[in-house]
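First up is the structure itself, then whatever we jot down about it.
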Amino acid sequence: MGMFNSRYECKVDPKGRLALPAKMKAAIPESNGDTLILRHGDDGCLALYTQVEFKKLLHQINALSDRDPIQRRIKRGFFESMTEVELDNAGRFLIPKTFLQKAGIDKDAILLGVGSFVEIWSPEKYDQNTITDQDELSNLMDKYLS
């Protein structure tokens, strides 16, 4: 499977469709087909997964106990916060209005490849949740990757 990387500035059309940049579309394995999984991500973004990567996450969620009240809440929240989306011939997919509203996305969106999936951000939330200073990034990498 290809790896998602880089940052792209994109537009959401009036119908709520977003076109994946060509490099991101090329990173989706052909065996995936046209169906992707969209879910509410961390820090206020949306997260877009291929079938293979989503199944890894799904196995972890399904392993949670149905007998434990906290784990049941996690399962409910997880399944409520996701939907399947279909890529059309132009590489676009429809983002449900409730997802756009929750993420604060209107017309402009930032797509960020983060390895195994894609984050979709409103520009404002992205700016609040990213590191722009390379010295800060280097220091944090030294601290957490050592």
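The values are calculated or read from the model by the stated rules, or taken from the named source; none is laboratory data. Since the model is a prediction, treat every value here as computed from it, not as a measurement. Here Cβ is always computed from backbone atoms with ideal geometry, including for glycine, and neighbour counts include all displayed protein chains. Each accessible area value is taken on the protein alone, full model and side chains, heavy atoms only, with ligands, DNA and RNA left out. Shrake-Rupley method; radii C 1.70, N 1.55, O 1.52, S 1.80 Å.
Taken together, 131, 105, 110 contain a single residue that is assigned to a loop (DSSP other than H, G, I, E, B) and under 17 Å from the mean Cα position of the chain (by Cα), which is 105.
Does residue 107 satisfy the condition of being open to solvent by 60 Å² or more (accessible area, probe 1.4 Å), more than 13 Å from residue 47 (Cβ to Cβ), out of contact with any helix residue (DSSP H, G or I) (no Cβ under 6 Å at 6 or more places or on another chain) and in contact (Cβ under 8 Å) with a residue 24 or more places away in the chain? When the stated conditions are applied, residue 107 passes them. Screening the stretch 34-59 for residues that are open to solvent by less than 40 Å² (accessible area, probe 1.4 Å) and in a loop (DSSP other than H, G, I, E, B) and picking the one that is nearest to residue 105 (Cα to Cα) gives 45. Based on this model, can you work out whether residue 63 counts as small (Gly, Ala, Ser) and either within 30 Å of residue 132 (Cβ to Cβ) or touching a residue at least 12 places away in the same chain (Cβ under 8 Å) (or both)? Against the criterion (small (Gly, Ala, Ser) and either within 30 Å of residue 132 (Cβ to Cβ) or touching a residue at least 12 places away in the same chain (Cβ under 8 Å) (or both)), residue 63 does not qualify.
For the stretch 1-33, the set of residues classified as open to solvent by less than 60 Å² (accessible area, probe 1.4 Å), outside any strand (DSSP E or B) and under 23 Å from residue 55 (Cα atoms) consists of 2, 20, 24, 27, 28, 29, 32, 33, listed by residue number. Here is a list of conditions, (1) within 20 Å of residue 6 (Cβ to Cβ); (2) not in a strand (DSSP E or B), and residue 89 meets all of them except one; can you say which number that is? Result: residue 89 passes all but (1). Checking each residue in the stretch 60-69 for being assigned to a helix (DSSP H, G or I) and of a type in the set (A, V, I, L, M, F, W, C) picks out only 61. Quick one: in the stretch 110-129, of everything that is closer than 16 Å to residue 4 by Cβ and among the hydroxyl-bearing types (Ser, Thr, Tyr), which residue is most open to solvent (accessible area, probe 1.4 Å)? The selected residue is 116. Please indicate, with yes or no, whether at least one residue in the stretch 63-76 is among the hydrophobic types (A, V, I, L, M, F, W, C), open to solvent by less than 40 Å² (accessible area, probe 1.4 Å) and at negative phi. Among the residues of the stretch 63-76, not one is among the hydrophobic types (A, V, I, L, M, F, W, C), open to solvent by less than 40 Å² (accessible area, probe 1.4 Å) and at negative phi, which makes the answer no. Being open to solvent by 40 Å² or more (accessible area, probe 1.4 Å), more than 22 Å from residue 14 (Cβ to Cβ), of a type in the set (Phe, Trp, Tyr) and not in a loop (DSSP other than H, G, I, E, B) is true of residue 79. Report, by residue number, each residue of the stretch 75-109 that is out of contact with any Pro (no Cβ under 7 Å at 6 or more places or on another chain) and among the β-branched types (Val, Ile, Thr). Across the stretch 75-109, the qualifying residues are 85, 95, 98, 105.
Across the stretch 89-104, what is the number of residues that are within 15 Å of residue 11 (Cβ to Cβ) and surrounded by fewer than 11 Cβ atoms within 10 Å (Cβ to Cβ)? Residues meeting the conditions: 1.
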